[in-house]
Amino acid sequence: MGAWLHSVRQRPDRSEAAGRVTGVAEMTDGSTDPHTVMGSQEARAYWDTRHGAEDDLRSGGNIGMSEAGNRLIYALRVARLIEVTEYQSAPTAPLRVLDAGCGKGYFSRAMASFGHEVDGIDTSEGAIAECLRLAEERQSFAVSALADWCPPRLYDVVVCIDVLFHILDDQEWEASVRNLGALVRMGGRLILADHAGDQDRVWARHQKTRAASRYEALLADLGFGYLRFAPNGLPGADVGFHVAVRAA
């Protein structure tokens, strides 16, 4: 799952062939009627179909960009992920990481390449099948919704990248955040991608961002200390990571 909600400034004299990202990401003007958003089952079917139809990165990234354009942005997201996990890389004492809503496993494989033990979950059977095909050591994958995952051990880090704004139902969104928070060990980190704005907004039938204040309040209720919002760093982008540490 996942798609970046940002605008990339048009530069007609530079093309993707020259290594520049151009075009507009999957984001409407926010005028979509909230009553027309996809239901949970329709959304899951949409993502399963999309994972089967699109290239590895476009399937969970920006469908309006080429694979090369997506690769550039994925690399930037990995760099930001390294930063918010404080540059930890220790094969002799690896972090236990959950990639919640892993899609075809790009971020799971990246974290595992740094020496960490990674579990990836997604509701798309097709995406998980691809993850299992590509899996190497320190990687495990399973079909599961975010709200339903119940592992035998807690995690040092739980990341959920570009997934929560594709959960359209508010009750399912809250249940997902609550369950992910419950899976983090004391002192561990919860890293959730969403929008920086402080209002809920429907961007498209499959995209709904939540106010930053809703995240902060919910995380406080779950016993987390809110550390910061780490923006992606892309021009015109308001998406980034809510970063919190479990304190209770």
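We did not get these values from a lab; they are worked out from the coordinates using the rules stated. This structure is a prediction, so every number in the text was calculated from the model and none was measured. Positions of Cβ are generated from backbone atoms using ideal geometry, with glycine treated the same way; all protein chains shown enter the neighbour counts.
Please give me the summed charge of the neighbours of Ala244: other residues whose Cβ is under 11 Å from its Cβ, Lys and Arg +1, Asp and Glu -1.
Combined, the nearby Lys, Arg, Asp and Glu give +2.
All other residues with a Cβ under 14 Å from the Cβ of Tyr155 taken together, and with Lys, Arg as +1 and Asp, Glu as -1, what is their net charge?
Combined, the nearby Lys, Arg, Asp and Glu give +2.
In cubic angstrom, how much convex hull volume per residue do the alpha carbon atoms of the range 136-243 span? Don't jump to the answer; show the numbers that get you there.
Working: hull volume 14.0 nm³, N = 108.
With only Cα atoms used, the range 136-243 gives 129 Å³ per residue.
Could you sort 113-119, 78-84, 149-155, 95-101 so that the peptide with the highest average Cβ count within 10 Å comes first and the rest follow in order? Walk me through the numbers before you get to the answer.
Values: 113-119: 20.0, 78-84: 16.6, 149-155: 12.9, 95-101: 25.3.
Output ranking for 113-119, 78-84, 149-155, 95-101: 95-101, 113-119, 78-84, 149-155.
Only Lys, Arg, Asp and Glu count, each charged at its Cβ (+1, +1, -1, -1), so figure out the dipole size of the range 92-248 about its Cα centre, rounded to 20 debye.
Computed charge dipole of the range 92-248: roughly 320 debye.
How much space per residue, in cubic angstrom, does the convex hull of the C-alpha atoms of the range 16-246 take up?
On the way: hull volume 27.8 nm³, N = 231.
Dividing the Cα hull volume of the range 16-246 by its residue count gives 120 Å³.
Taking the Cα centre of the range 16-246 as the origin and placing charges on Cβ (Lys, Arg +1; Asp, Glu -1), which of Tyr46, Ala204, Ala244 is farthest toward the positive end of the dipole?
Selected residue: Ala244.
Per-residue counts of other Cβ atoms within 10 Å, averaged by peptide: what ranking do you get for 159-168, 232-241, highest first?
Descending packing order for the listed peptides: 159-168, 232-241.
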